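Report on the structure given below.
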Amino acid sequence: AQKVTQAQTEISVVEKEDVTLDCVYETRDTTYYLFWYKQPPSGELVFLIRRNSFDEQNEISGRYSWNFQKSTSSFNFTITASQVVDSAVYFCALSGGSSNTGKLIFGQGTTLQVKP
Amino acid sequence: NAGVTQTPKFQVLKTGQSMTLQCAQDMNHEYMSWYRQDPGMGLRLIHYSVGAGITDQGEVPNGYNVSRSTTEDFPLRLLSAAPSQTSVYFCASSYSRAAYEAFFGQGTRLTVV
C-alpha cells in the first residue's frame, strides 16, 4: 500500500526564517513520482514540483528547495528566508504503482504560518 | 485556456437531496479524478477515470457516482446527500497517468444540513 506522512500539522515561523516541511512516503513500487502542492488561503491547489524515483538530485527554485532521499523515503521541502506570502497549506503527494492509474496519494498537509 | 472548471463553487444541500458537481477540462487530458478535502486528512480520492467510458473507484467512493461520456467532462453525482459528505471537493486532470502533475479546479465547498 502507498502512504504519505506529513508529521508536522502546523508550523509557525517569523518572516525571514528558514523552514523545512517534512514528507515521508511508503511504496513498494520502483517507479513512482512525488509532488508538492501549495494551497494558499484562497483555496486553490498550486503545483510546485514533481520528482521521479530515478532522479535523486536536489532541486532549487528561488527560495524553494527540495531534498529527495530514497534511502530514508523522504522528500522534504525547504523555504529559505520565508515571507508572509508563503503562508499556506502544503501537501506532499505520491503517484505511481504497478497499475499506473495516476492516483495521487496525499499527505495530511502542513499548515505554514509566516508572521511578519 | 480555462484549464479545469468546476461548478458550483458553493452549495448547501439538505440531507437526502441529490446533486451533480460539474467538472470540465479543455486540455485534452486522459486522466480525471475527484478528491474530497477534509480537515487533517489531506485529499482523498473518490473516483477516477483514465479515459472516456472508463471509471473506477478510489479510496472513498461510497455515496458518489461518476460517468465519463466525453474526454472533457467528468461529473460527480451525490445520490442522497448526508452530513458526512460536507467537504471541499476538487476535480483534477492530468495528461498521463502518473508522470505529470495534476491540474486542479477551484474546488466546491459543499455543506449538507
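Can you give me the Cα centroid spacing of the range B:51-69 and the range B:4-27 in angstrom? A separation of 15 Å, based on Cα centres. When chain B is treated as a GNM with alpha-carbon contacts under 10 Å, the residue of B:V12, B:V66, B:V88 showing the greatest mean-square fluctuation is B:V12.
Projected label points at B:A82 and B:M41, each 7 Å from Cα along the beta carbon direction, are separated by 1.1 nanometres. Rolling a 1.4 Å probe over the heavy atoms of the protein chains gives the protein assembly as shown an accessible area of 48 Å² per residue. In chain A, Cα pairs under 8 Å separated by at least six residues give a relative contact order of 38 percent. Simple point charges give the picture: +1 on the Cβ of Lys and Arg, -1 on the Cβ of Asp and Glu, and for the protein assembly as shown a dipole about the Cα centre of about 480 debye. With the simple spin-label model, which puts each label point 7 Å out from Cα in the Cβ direction, the B:Y95 to A:S74 separation comes to 3.2 nm. Using only side-chain charges placed at the Cβ, +1 for Lys and Arg and -1 for Asp and Glu, the dipole size of the range B:34-113 relative to its Cα centre rounds to 120 debye. Of the residues B:Q25, B:Q57, B:Q17, the one that moves most in a GNM of chain B with alpha-carbon contacts below 10 Å is B:Q17. Inter-chain Cβ neighbour count for A:32-45, averaged per residue, equals 3 (cutoff 10 Å, partner chain atoms only).
The values are calculated or read from the model by the stated rules, or taken from the named source; none is laboratory data. What you are looking at is a predicted structure, and each value in this text was computed from that prediction instead of being measured. Cβ coordinates were reconstructed from backbone atoms using ideal geometry, including for glycine residues, and neighbour counts include every protein chain displayed. Note: accessible area is taken over every heavy atom of the protein model, side chains too, but ligands, DNA and RNA are not part of it. Shrake-Rupley method; radii C 1.70, N 1.55, O 1.52, S 1.80 Å.
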